[in-house]
Amino acid sequence: MSSTQVKRKKVRGVHEVSPIDVYRLLPGTNCGECGEANCMAYAARLVNGEYTLENCPPLNEENNKKLRISLGELTAPPVREISFGDARSSIKIGGKHVLFRHEFTYHNPVPIAIDVEDSLSGEEIVKRVNSIENFLYNYIGREMRLDAIAIRDTTGEPERFANAVRIAREHSDKPLILCTYNPKVMEKAISLIPDSRPLLYAATTENWKEMAEIALNFSSPLVVSSPGDMGKLLSLATTLEASGVPDLVLDPGTFLEEDIAITISNFTALRTSVFRDGSQNIGYPLLGTPITAWAGEDLSPEVSAWREAWAAPVLMSRYTDLLIMHSLEGWALLPALLWRFNLYTDPRKPVAVDAGIRPVGSPGKGSPVFITTNYALTFFTVESDVKSAEIDCYLLVVDTGGLSVESAVAGRYLNPSSIAEAINGFCLSDLVDHRKIIIPGLAARISGDTEEVTGWEVLVGPKDSSGIPLFLRNRWNNS
Amino acid sequence: MSEETRKEGIIPGLPVTLESRLLSLLKGTDKVILEGVELELGELELFLPLNLNGPQVLHQSVEKALPQKERHFPDSLVDMQFLPVQEKYPGRVREVLLGATAKNGGTRSHSVTIGGSTSTALSSLANPYSNPPLISLDVFDMHVPLPRALRANIEDVMDDPGEWAKRNVEKFGADLVTIHLMSTDPLISDTSPRSASETVECILSAVKVPVIVGGCGDPKKDALVFSEIAEMASGERLLFNSVTLEMAEARTLEPLIEKVKEHEHTVLGFTGLDLNRAKELNRRLYDSLSPDQIVMDLTTVALGYGLEYSFTIHERARLLALIGDTELQHPTISASTNAWSAREAWMKMDPLYGDTAIRGPLWETVNVCTLLLAGVDLFLMMHPAAISTVREIVNSYKQGISKVPAHIYDWTGMKT
């Protein structure tokens, strides 16, 4: 073993750091600029992941630089945070504090890069780049988008690759990943966009010196690739670290089909080692490439897209910090986009809206009242359905601890008394002169008891709120 | 760094004002002596103004300013070995045997075992499955509205639970069959326990795999129905889906689990995403049942509708079990067909999002895949495409002794 190996102390996540340790390193001004009463309160919320060092203005002053550096070290995530892209748009990856989601919160949601191959015509490249740029799915009032563009060298011609990179750059601000094993091809392309800080893919056992040179010359982060060979991956990472390349991303290889277990096992082993051992220098973000589904044997596009579609959420659940995909089919991207959003929410806080009465349209004294839960998705779904059907009504949002109707009924958060509490607490009887509420079809079981407890007549609505217009025609307007 | 910039002495990225001031101060000087300055290694960059262009750009400038000859690259690759951490846990998930053969007092052709994990799921090829996860396919005792993509495979047998069960086993390779006695729901048809019991009898004679019996969710009615069936199928080691704390409140739990004990079956304890309640329910069950008669359903929510809660609670439950929480050392099941309640699974969307014929099974697949990683031992499923994908993953892990992939494809240079 070489002497260049750097010895590391065992890392710990910020959630394992005591607020006292943080407090000792704070400026101690108790100035309240962070929004807290004093520095101790800030320290407590910092280790809880609610604040970053940026939230403390005095810490960022010149004379507190030493404190800031020490605090930065104390609270640094065991998996390093690395960014690529430039001022126009940049992406942070990694920065993980924990192995399991319930221990803290996963930071830096996995960006999804879509590939563009350099053999396409200029027109085709523009079209594909625009599709990536414009992809948008609305989910509980949030916009789900794609994040980066991975240009692939499929011809070995430096001119051709550089041209594809130039076109992509002209038509999109999204950060780029330049994919080639050929240093000449890489150098030509990056020289065109010297200040863009693209992610370079990839250094291998063959080309690492040349790639390291390019990464240093253009101060770009570099992917280290060693598909299936973890020893070589570690060798490469250690060598590049010793060469002074500061920002590395690891590609252990993504294999699907009969080899999917090897993929999951490798990603898990790499990440587990960071948190359980910490002595090996592998605390870098991990790259997953569901795009592999399109390589190799000839498959129908549906089969490849299908594999990609399930592999992406699986990789996200097993420690991948960045994904490269090929499919632009909405159905193949949806699971990844939704799962990413969900997986990176704070497990301690349900995605909830406030309980209360929400008027939709211009409801009057005779308008229907729909009971729903305060799980954000449930609420936004119901709201968007009644809005688009132009129904004037009230939504009575019951506090179910942020659970959906089905789970809230099962877990007894949506029950006759919580409904009664909402009716009385939010003074529903002041708004309408009838005494009827409509409960979700999935809560049919509690309709009888709810009538008894609330004294209001209970109508059982449809199981899915898309059925509300029909339900109103049949059950409300005729009653 | 290009020759040109070096000549001009401009450090790219530094703000012009500061840079020009520095340069004018240093004009004609070839040496600068710093006095009374303590410099620790690594603090060098503090000399340069942070926060002006952001640390990244600054960093870039420093790198660019380094003449290439000062870089020291190792001559060759540093030789390293990756030694994965072998996690050892003190706890172990119990094994639960489902279905009894003639030798053991039942009529099944074979029994199956779930549980037995000694490590987190799929974490290492060095820890193969004690018992690989299994798949049970659903049968309903009445006509239920199913999405088109599900109906297509079973439309002709939907009115005949026995034939439906056979289809599940013979065509789709179900390890178990679940008969959902939905019609017993007092709010639906209120079918009698006797009649429900006959339906289960019909399933038991149609297929020889172990059988799961699903109720309607009413704590009183389910207890009546399950008791009747427990007696009728004495010794079959059925799995009753499910028993709940609501049954305990309705005082129907105890008589039911006495029957389950007497006739040697197993139960699935259902709780809504709450480990404390799961433990409480198990404690009540221990009063009469042996722990190896208990399986847990911690609730499966569809992707996009809270799957992350299911994922995280299963991860937590499994870790706690492995660390030594005996009240959670039970195998778990996931009703992954709940995936179909997500709109993305069944609703018509913009053509960009494809047909429900592919979105639906994909939703079921992703639900199962994520919970497979969280350690679930038995999945209730419906769609053949989802089933074959899940089998592919489980088989890969079962056979994954080799640490070298069979194929390494170059996705970088491929032409699509």
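The values are calculated or read from the model by the stated rules, or taken from the named source; none is laboratory data. All of these numbers come straight from a predicted model, not from anything done at the bench. Ideal geometry is used to build each Cβ from the backbone, glycine not excepted, and the neighbour counts take in all protein chains shown. Each accessible area value is taken on the protein alone, full model and side chains, heavy atoms only, with ligands, DNA and RNA left out. Shrake-Rupley method; radii C 1.70, N 1.55, O 1.52, S 1.80 Å.
For B:SER76, which of the numbered conditions (1) within 14 Å of chain A (Cβ to nearest Cβ); (2) in contact with a helix residue (DSSP H, G or I) (Cβ under 6 Å, 6 or more places away or on another chain) fails to hold?
Tallying (1) within 14 Å of chain A (Cβ to nearest Cβ); (2) in contact with a helix residue (DSSP H, G or I) (Cβ under 6 Å, 6 or more places away or on another chain), B:SER76 fails exactly one: (2).
Enumerate the pairs (first residue in the range A:203-218 and open to solvent by 20 Å² or more (accessible area, probe 1.4 Å); second residue anywhere and among the small types (Gly, Ala, Ser)) with beta-carbon separation below 6 Å, excluding pairs fewer than 6 apart on the same chain, so at least 6 apart or on different chains.
A:THR204/A:SER225
Exactly one condition in (1) farther than 29 Å from B:LEU83 by Cβ; (2) within 21 Å of the chain's Cα centre (by Cα); (3) in a helix (DSSP H, G or I); (4) within 9 Å of another protein chain (Cβ to nearest Cβ) is not met by A:GLU308; state its number.
(4)
For B:THR101, are the conditions met, namely being in contact with a Lys or Arg (Cβ under 8 Å, 6 or more places away or on another chain) and modelled with pLDDT of 95 or more? Steps first, please.
Details: in contact with a Lys or Arg (Cβ under 8 Å, 6 or more places away or on another chain): yes; modelled with pLDDT of 95 or more: yes.
So B:THR101 passes the test.
Having 2 or more residues that are within 10 Å of chain B (Cβ to nearest Cβ) is the bar; report the helices (runs of 4 or more DSSP H) wholly within the range A:156-263 that clear it. So that I can check it myself, show each step before the final result.
Details: elements: A:158-171, A:183-192, A:208-217, A:230-242.
Correct list: A:208-217, A:230-242.
Among residues belonging to the range A:70-99 that are without any contact (Cβ under 8 Å) to a residue 24 or more places away in the chain and loosely packed, with under 15 Cβ neighbours inside 10 Å, point out the one that is nearest to the chain's Cα centre (by Cα).
A:ALA87
Give me a count of the residues in the range A:384-413 that are within 14 Å of chain B (Cβ to nearest Cβ) and part of a helix (DSSP H, G or I). Please lay out each step first, then the result.
Our first condition is that a residue be within 14 Å of chain B (Cβ to nearest Cβ); within the range A:384-413, this holds for A:384-385, A:388, A:400-413.
So of that shortlist, the ones also part of a helix (DSSP H, G or I) come out as A:384-385, A:388, A:405-410.
Of the residues in the range A:384-413, 9 are within 14 Å of chain B (Cβ to nearest Cβ) and part of a helix (DSSP H, G or I).
Out of all the residues in the range B:117-125, is one or more under 23 Å from B:GLN399 (Cα atoms), out of contact with any helix residue (DSSP H, G or I) (no Cβ under 9 Å at 6 or more places or on another chain) and either open to solvent by less than 50 Å² (accessible area, probe 1.4 Å) or of a type in the set (Lys, Arg) (or both)? It would help to see each step written out before you state the result.
We begin by selecting, within the range B:117-125, every residue under 23 Å from B:GLN399 (Cα atoms); these are B:117-125.
Then drop every residue that is not out of contact with any helix residue (DSSP H, G or I) (no Cβ under 9 Å at 6 or more places or on another chain), which leaves none.
No, there is no match, as no residue in the range B:117-125 is under 23 Å from B:GLN399 (Cα atoms), out of contact with any helix residue (DSSP H, G or I) (no Cβ under 9 Å at 6 or more places or on another chain) and either open to solvent by less than 50 Å² (accessible area, probe 1.4 Å) or of a type in the set (Lys, Arg) (or both).
Has the range A:347-355 got at least one residue that is outside any loop (DSSP other than H, G, I, E, B), touching a residue at least 40 places away in the same chain (Cβ under 8 Å), open to solvent by 20 Å² or more (accessible area, probe 1.4 Å) and more than 10 Å from every other protein chain (Cβ to nearest Cβ)?
Yes; the residues of the range A:347-355 include at least one that is outside any loop (DSSP other than H, G, I, E, B), touching a residue at least 40 places away in the same chain (Cβ under 8 Å), open to solvent by 20 Å² or more (accessible area, probe 1.4 Å) and more than 10 Å from every other protein chain (Cβ to nearest Cβ).
I'd like to know if the range A:406-422 contains one or more residues that are outside the structural domain of A:GLY141 (by TED's automatic domain parsing), among the charged types (D, E, K, R) and in contact with an Asp or Glu (Cβ under 9 Å, 6 or more places away or on another chain).
So the first thing to find is which residues in the range A:406-422 are outside the structural domain of A:GLY141 (by TED's automatic domain parsing), and the list is A:406-422.
Then drop every residue that is not among the charged types (D, E, K, R), which leaves A:406, A:412, A:421.
Going one step further and asking which of them are in contact with an Asp or Glu (Cβ under 9 Å, 6 or more places away or on another chain), we end up with A:412, A:421.
The answer is yes, given that some residue of the range A:406-422 is outside the structural domain of A:GLY141 (by TED's automatic domain parsing), among the charged types (D, E, K, R) and in contact with an Asp or Glu (Cβ under 9 Å, 6 or more places away or on another chain).
Among the residues of the range A:433-479, count how many are of a type in the set (Lys, Arg), farther than 19 Å from A:THR381 by Cα and within 42 Å of the chain's Cα centre (by Cα).
Of the residues in that region, 4 qualify.
Quick check on the range A:246-263: of everything there that is in contact (Cβ under 8 Å) with a residue 40 or more places away in the chain and open to solvent by less than 10 Å² (accessible area, probe 1.4 Å), which residue is farthest from B:LEU125 (Cα to Cα)? Working first, answer last.
Just the residues of the range A:246-263 that are in contact (Cβ under 8 Å) with a residue 40 or more places away in the chain, to begin with: A:247-249, A:251, A:254, A:256-257, A:260, A:263.
Restricting the remaining residues to those that are open to solvent by less than 10 Å² (accessible area, probe 1.4 Å) gives A:248-249, A:251, A:254, A:260, A:263.
On the way: A:LEU248: 26, A:VAL249: 24, A:ASP251: 19, A:THR254: 16, A:ILE260: 11, A:THR263: 10 Å.
In this case the residue turns out to be A:LEU248.
Right, B:ARG284: part of a helix (DSSP H, G or I), open to solvent by 40 Å² or more (accessible area, probe 1.4 Å), under 30 Å from B:ARG343 (Cβ atoms) and modelled with pLDDT of 95 or more or not? Walk me through it before giving the result.
Values: part of a helix (DSSP H, G or I): yes; open to solvent by 40 Å² or more (accessible area, probe 1.4 Å): yes; under 30 Å from B:ARG343 (Cβ atoms): no; modelled with pLDDT of 95 or more: yes.
Spelling it out, it is not the case that B:ARG284 is part of a helix (DSSP H, G or I), open to solvent by 40 Å² or more (accessible area, probe 1.4 Å), under 30 Å from B:ARG343 (Cβ atoms) and modelled with pLDDT of 95 or more.
Test of understanding: among B:ALA223, B:ALA278, B:ALA230, B:ALA250, which residue is surrounded by fewer than 19 Cβ atoms within 10 Å (Cβ to Cβ) and closer than 27 Å to B:LEU328 by Cα?
Working: B:ALA223 fails: surrounded by fewer than 19 Cβ atoms within 10 Å (Cβ to Cβ); B:ALA278 fails: surrounded by fewer than 19 Cβ atoms within 10 Å (Cβ to Cβ); B:ALA230 fails: surrounded by fewer than 19 Cβ atoms within 10 Å (Cβ to Cβ).
Exactly one of B:ALA223, B:ALA278, B:ALA230, B:ALA250 is surrounded by fewer than 19 Cβ atoms within 10 Å (Cβ to Cβ) and closer than 27 Å to B:LEU328 by Cα, namely B:ALA250.
Select from the range A:399-416 the residues that are open to solvent by 60 Å² or more (accessible area, probe 1.4 Å) and either touching a residue at least 12 places away in the same chain (Cβ under 8 Å) or farther than 26 Å from B:TYR309 by Cα (or both) and list them in ascending order. Please lay out each step first, then the result.
Just the residues of the range A:399-416 that are open to solvent by 60 Å² or more (accessible area, probe 1.4 Å), to begin with: A:399, A:406, A:412-413.
Within the range A:399-416, A:ASP399, A:GLU406, A:TYR413 meet the criteria.
Quick one: is A:VAL397 at pLDDT 95 or above and touching a helix residue (DSSP H, G or I) at 6+ places or on another chain (Cβ under 9 Å)? Give the derivation first.
On the way: at pLDDT 95 or above: yes; touching a helix residue (DSSP H, G or I) at 6+ places or on another chain (Cβ under 9 Å): yes.
It is true that A:VAL397 is at pLDDT 95 or above and touching a helix residue (DSSP H, G or I) at 6+ places or on another chain (Cβ under 9 Å).
Quick one: would you say A:ARG276 is out of contact with any helix residue (DSSP H, G or I) (no Cβ under 6 Å at 6 or more places or on another chain), among the basic types (Lys, Arg) and within 8 Å of chain B (Cβ to nearest Cβ)?
Answer is yes for this residue.
Are any of the residues in the range B:178-196 in contact (Cβ under 8 Å) with a residue 24 or more places away in the chain, open to solvent by 10 Å² or more (accessible area, probe 1.4 Å) and under 20 Å from B:MET296 (Cα atoms)?
yes
Spot the failing condition for A:ILE437; the list is (1) closer than 12 Å to A:PHE370 by Cβ; (2) without any contact (Cβ under 8 Å) to a residue 12 or more places away in the chain, and only one is missed.
If we test A:ILE437 against (1) closer than 12 Å to A:PHE370 by Cβ; (2) without any contact (Cβ under 8 Å) to a residue 12 or more places away in the chain, just (2) comes out false.
Which of the residues belonging to the range B:353-390 are in contact with a strand residue (DSSP E or B) (Cβ under 6 Å, 6 or more places away or on another chain) and closer than 20 Å to B:GLN329 by Cα? Walk me through how you get there before you give the answer.
The initial filter retains those residues of the range B:353-390 that are in contact with a strand residue (DSSP E or B) (Cβ under 6 Å, 6 or more places away or on another chain), namely B:368, B:371, B:376-382, B:387.
Of everything in the range B:353-390, those that are in contact with a strand residue (DSSP E or B) (Cβ under 6 Å, 6 or more places away or on another chain) and closer than 20 Å to B:GLN329 by Cα turn out to be B:LEU371, B:VAL376, B:ASP377, B:LEU378, B:PHE379.
Can you report the number of residues in the range A:291-300 which are in contact (Cβ under 8 Å) with a residue 24 or more places away in the chain and either surrounded by fewer than 24 Cβ atoms within 10 Å (Cβ to Cβ) or more than 9 Å from chain B (Cβ to nearest Cβ) (or both)?
Pass one, the range A:291-300, residues in contact (Cβ under 8 Å) with a residue 24 or more places away in the chain: A:291-294.
Those still in the list that are either surrounded by fewer than 24 Cβ atoms within 10 Å (Cβ to Cβ) or more than 9 Å from chain B (Cβ to nearest Cβ) (or both) too: A:294.
Final tally of qualifying residues: 1.
Pull up the range A:356-380, narrow it to residues that are outside any strand (DSSP E or B) and either open to solvent by 40 Å² or more (accessible area, probe 1.4 Å) or not assigned by TED's automatic domain parsing to the domain that holds A:ILE439 (or both), then point me to the one that is nearest to A:ALA309 (Cα to Cα). So that I can check it myself, show each step before the final result.
Taking the range A:356-380 as the starting set, the residues that turn out to be outside any strand (DSSP E or B) are A:361-368, A:374, A:376-380.
Narrowing the set further to residues that are either open to solvent by 40 Å² or more (accessible area, probe 1.4 Å) or not assigned by TED's automatic domain parsing to the domain that holds A:ILE439 (or both) leaves A:361-362, A:365-366, A:380.
Values: A:GLY361: 38, A:SER362: 42, A:LYS365: 48, A:GLY366: 47, A:PHE380: 26 Å.
By that ranking, first place goes to A:PHE380.
Answer with yes or no whether A:ALA376 is within 17 Å of A:ARG475 (Cβ to Cβ) and touching a residue at least 60 places away in the same chain (Cβ under 8 Å).
Details: within 17 Å of A:ARG475 (Cβ to Cβ): no; touching a residue at least 60 places away in the same chain (Cβ under 8 Å): yes.
Considered against the rule, which asks whether it is within 17 Å of A:ARG475 (Cβ to Cβ) and touching a residue at least 60 places away in the same chain (Cβ under 8 Å), A:ALA376 comes out as no.
Return yes or no: is B:LEU245 away from chain A (no Cβ under 14 Å), of a type in the set (A, V, I, L, M, F, W, C) and either open to solvent by 20 Å² or more (accessible area, probe 1.4 Å) or free of Cβ contacts under 8 Å to residues at least 40 places away in the same chain (or both)? I'd like the intermediate steps shown before the answer.
Numbers: away from chain A (no Cβ under 14 Å): no; of a type in the set (A, V, I, L, M, F, W, C): yes; either open to solvent by 20 Å² or more (accessible area, probe 1.4 Å) or free of Cβ contacts under 8 Å to residues at least 40 places away in the same chain (or both): yes.
Here the answer is no, as B:LEU245 does not meet what is asked.
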